[in-house]
Amino acid sequence: MRPGTAAPAGPGTPSRRRFVSIAGTAGLAAGALGILAALARSVVPEVFYEPARRFPVGRPADFPPGSVTLVSERRLFVFNTPEGFYCVSAVCTHLGCNVNHEEGKGFACPCHGSTFGEDGSVSKGPAAWPLPRFAIGLSRRGELVVDTRRTVAASFRLKA
Amino acid sequence: MSEERPAARGAAPEPRAEGGAGSLLRANAVLRSIFRTGWPRSRQQRLAAMLSSLVLHVHPTRVRVSVLRPSYTLGLGLISFFLFVVLTVTGLVLMLYYVPHTQAAYRSMKDLQYAVAFGMFLRNAHRWAAHAMVAVVFLHMCRVFFTGAYLRPREFNWVVGVGLLLLTLALSFTGYLLPWDQLAYWAITVGTSIVAYFPLLGPQVRYLLLGGHEIGQAALLRFYVLHCIVLPLAMAGLVALHFWRVRKDGGLSAAPHASQRRVTAWPHLVLRELLVLVLVVAAVNALALLFDAPLEEIADATRTPNPAKAPWYFLGLQELVHYGALLGGVVVPTALVLALVVLPYLDTRPRGVGVWFARERWLANAVFAAVALALVAVTVIGTFFRGPNWAWVLPWTR
């Protein structure tokens with residue numbers, strides 16, 4: 001920059017020194033934020049050492065017509081009704097305890113007394129939400145496969 | 001300095017008439033290089049002793065007699081600190097045996113109970129000291145409130161104290177999972193489910209805390225790292241800030257009309273602190289010898305005990321969550337913490353400072369006492385009066 005073209009430096013006029021100072025500070029701040037963001041991001045898990053969330057639960061023939069089966073290690077119930085199969089979570093939506101099923105009455109949670117109807121809807125609190133229905137399908141090997149990452153509407157039935 | 005004089009007098013040997021630590025200090029060049037001021041005898045040495053020691057210089061050189069009265073502070077802050085020290089020491093030894101793996105954690109608890117020399121005693125001491133710390137920190141907060149000690153200029157240190165209370169709860173909660181028994185597993189299931197009720201952030205915080213979707217290996221390792229490294233370091237830093245601010249804010253609070261007489265901190269304060277340390281260690285020892293820490297069967301996600309309860313200090317919240325998730329999980333805890341933080345900034349006229357239950361502060365004290373008692377009441381109900389299916393039971397009929 002030639003001396004003649006420089007704007008007069010004074011209070012309120014951005015001088016070169018001021019520009020460098022602001023740009024430098026902003027650069028350092030951006031770098032620090034980047035490092036912190038990377039550190040924070042690394043706390044979010046990428047690998048799960050936990051059971052798969054999509055898994056086979058057995059062959060359709062393992063579930064007699066009209067039965068309700070608790071798959072305890074997966075914490076869910078498999079219903080086989082005349083209209084088809086569906087799957088209801090056994091984990092209480094209140095505080096995560098396992099609910100028990102009573103034939104024809106629905107579900108009851110042993111921890112805090114929530115009860116759910118046969119369709120999983122809340123009939124008595126403290127639970128605020130119904131027991132979720134998980135997606136259930138048929139694998140090529142002919143096994144029933146539940147995907148707990150996907151919930152489906154209460155009307156869902158699998159014809160198998 | 002006095003130790004120069006014998007040399008100046010020539011070959012005359014140092015008289016050894018006094019005996020004890022004083023003469024040992026004078027005689028030994030190594031000891032003298034560590035403790036420069038010698039055994040504090042004169043008033044000047046007593047002042048110098050407090051200033052020249054890294055540990056002691058946290059204290060003032062002289063303290064008002066009014067704050068030394070046990071009936072004023074009840075020593076609760078100091079007891080909390082010493083419990084933290086006991087927990088650090090016992091925790092370090094426990095770490096030599098504990099393996100934070102779902103296949104090994106429960107077995108290392110059994111090792112501690114049956115194979116490690118004094119393992120059961122260590123575990124008991126750690127557990128009871130942790131429970132005691134939650135209670136004593138809470139009582140310390142009540143003491144500070146009822147004596148108006150949180151008022152200007154100590155507002156910020158009160159906020160630091162609220163942070164220390166939350167850290168204490170977090171430390172206790174993260175430690176609760178580590179034994180990997182049914183008690184631990186379901187208490188943390190219930191506890192982290194309460195976390196998830198927090199709107200927007202709750203499910204995410206739970207997910208990050210567990211390192212996944214359910215309590216498994218990732219959760220155990222995260223709780224372990226939080227419990228053994230992250231939270232204790234944060235606690236140590238915040239404790240240092242808390243102590244430093246006590247000094248910077250003008251020492252412990254005292255009433256304007258209280259005696260202005262001061263005594264040297266050595267030995268009046270130092271000995272009293274030593275006495276509190278001895279009492280704390282003795283009490284933890286006694287508890288550890290008398291009562292064994294519980295250990296149930298190994299954690300089993302398929303079997304929910306009935307009832308499943310959070311750690312006792314969260315049973316008040318769990319009781320409230322029973323009435324409504326939003327109320328107990330979100331509204332009440334948020335309101336309580338926010339109220340505690342803004343409290344000293346709302347009450348801008350420091351009146352009745354340094355006096356228990358000062359008449360001019362009756363309204364503030366009454367409101368605080370009501371809230372504290374309500375919290376204690378729901379905790380007692382959740383702990384003793386709730387049985388299977390969270391139904392009402394009378395503890396003496398069980």
Would you confirm, using the coordinates I've provided, whether A:Val122 is of a type in the set (Val, Ile, Thr) and under 30 Å from B:Gln182 (Cα atoms)? yes
Would you mind stating whether A:Glu50 is within 9 Å of another protein chain (Cβ to nearest Cβ) and within 16 Å of A:Phe134 (Cα to Cα)? no
Has segment A:57-65 got at least one residue that is within 13 Å of chain B (Cβ to nearest Cβ) and touching a residue at least 24 places away in the same chain (Cβ under 8 Å)? no
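Taking the condition of being more than 13 Å from every other protein chain (Cβ to nearest Cβ) and in contact (Cβ under 8 Å) with a residue 24 or more places away in the chain, how many residues in segment A:66-76 meet it?
So the answer is 1.
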Condition test on B:Gly352, is it farther than 30 Å from B:Val85 by Cβ and within 11 Å of chain A (Cβ to nearest Cβ)? no
Considering residues that are surrounded by fewer than 22 Cβ atoms within 10 Å (Cβ to Cβ), in contact with a Phe, Trp or Tyr (Cβ under 7 Å, 6 or more places away or on another chain) and more than 13 Å from chain B (Cβ to nearest Cβ), the number found within segment A:106-119 is 1
Every residue from segment B:198-214 that is in contact (Cβ under 8 Å) with a residue 24 or more places away in the chain and facing chain A (nearest Cβ under 9 Å): B:Glu214
If you check B:Phe291 against the conditions, is it over 20 Å from B:Arg152 (Cβ atoms), out of contact with any helix residue (DSSP H, G or I) (no Cβ under 6 Å at 6 or more places or on another chain), more than 11 Å from chain A (Cβ to nearest Cβ) and aromatic (Phe, Trp, Tyr)? yes
Those residues of segment B:196-231 that are in a helix (DSSP H, G or I) and surrounded by fewer than 18 Cβ atoms within 10 Å (Cβ to Cβ) come to a total of 12
For segment A:92-105, which positions are more than 14 Å from every other protein chain (Cβ to nearest Cβ) and either of a type outside the set (Gly, Ala, Ser) or crowded, with 21+ Cβ neighbours inside 10 Å (or both)? A:Glu103, A:Lys105
So the check is Cβ under 6 Å with 6+ separation or different chains; which pairs have a first residue in segment A:135-160 that's closer than 18 Å to A:Gly120 by Cα and a second one that's outside any strand (DSSP E or B) and at pLDDT 90 or above? A:Thr151/A:Pro132
B:Ala117 vs (1) in contact (Cβ under 8 Å) with a residue 24 or more places away in the chain; (2) not in a helix (DSSP H, G or I): all pass except (1)
Any chance B:Arg361 is surrounded by 15 or more Cβ atoms within 10 Å (Cβ to Cβ), within 14 Å of another protein chain (Cβ to nearest Cβ) and either closer than 19 Å to B:Trp312 by Cα or charged (D, E, K, R) (or both): no
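Being touching a strand residue (DSSP E or B) at 6+ places or on another chain (Cβ under 6 Å), within 14 Å of another protein chain (Cβ to nearest Cβ) and among the aromatic types (Phe, Trp, Tyr), is that true of even one residue in segment A:80-91?
no
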Could you please give the count of residues in segment B:340-360 that are in contact (Cβ under 8 Å) with a residue 24 or more places away in the chain, more than 12 Å from B:Val159 (Cβ to Cβ) and either hydrophobic (A, V, I, L, M, F, W, C) or touching a strand residue (DSSP E or B) at 6+ places or on another chain (Cβ under 9 Å) (or both)? 5
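Determine whether segment A:138-145 contains at least one residue that is in contact with a helix residue (DSSP H, G or I) (Cβ under 7 Å, 6 or more places away or on another chain), assigned to a strand (DSSP E or B) and at pLDDT 90 or above.
The first filter runs over segment A:138-145 and keeps only residues in contact with a helix residue (DSSP H, G or I) (Cβ under 7 Å, 6 or more places away or on another chain), leaving A:144.
From the residues that got through so far, the ones that are assigned to a strand (DSSP E or B) too are A:144.
Now drop any that are not at pLDDT 90 or above, which leaves A:144.
Yes.
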Can you tell me how many residues within segment B:309-329 are within 11 Å of another protein chain (Cβ to nearest Cβ) and touching a strand residue (DSSP E or B) at 6+ places or on another chain (Cβ under 9 Å)? 4
Reported set for segment A:76-111 where residues are touching a Gly at 6+ places or on another chain (Cβ under 9 Å), farther than 23 Å from A:Leu144 by Cβ and hydrophobic (A, V, I, L, M, F, W, C) is A:Leu95, A:Cys111
Take the residues in segment B:298-314 that are of a type in the set (A, V, I, L, M) and modelled with pLDDT under 90; name whichever of them is nearest to B:Val190 (Cα to Cα). B:Ala310
Hey, A:Arg41 without any contact (Cβ under 8 Å) to a residue 40 or more places away in the chain, within 12 Å of chain B (Cβ to nearest Cβ) and either more than 18 Å from B:Ala301 (Cβ to Cβ) or surrounded by 13 or more Cβ atoms within 10 Å (Cβ to Cβ) (or both) or not: yes
Qualifying residue in segment B:263-284 (condition: buried (at least 16 other Cβ atoms within 10 Å of the Cβ), aromatic (Phe, Trp, Tyr) and in a helix (DSSP H, G or I)): yes
Would you mention how many residues in segment B:139-154 are part of a helix (DSSP H, G or I) and surrounded by fewer than 19 Cβ atoms within 10 Å (Cβ to Cβ)? 3
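Consider segment B:287-303. How many of its residues are over 20 Å from B:Phe385 (Cβ atoms), in contact (Cβ under 8 Å) with a residue 60 or more places away in the chain, in a loop (DSSP other than H, G, I, E, B) and not basic (Lys, Arg)?
Selection size over segment B:287-303: 9.
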If we keep just the residues of segment B:104-138 that are more than 11 Å from the chain's Cα centre (by Cα) and small (Gly, Ala, Ser), which is surrounded by the fewest Cβ atoms within 10 Å (Cβ to Cβ)? B:Ala117
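The values are calculated or read from the model by the stated rules, or taken from the named source; none is laboratory data. Being a predicted model, the structure only gives us computed values, none of them experimental. Note that we place each Cβ from the backbone using ideal geometry, even for glycine, and neighbour counts take in every protein chain shown.
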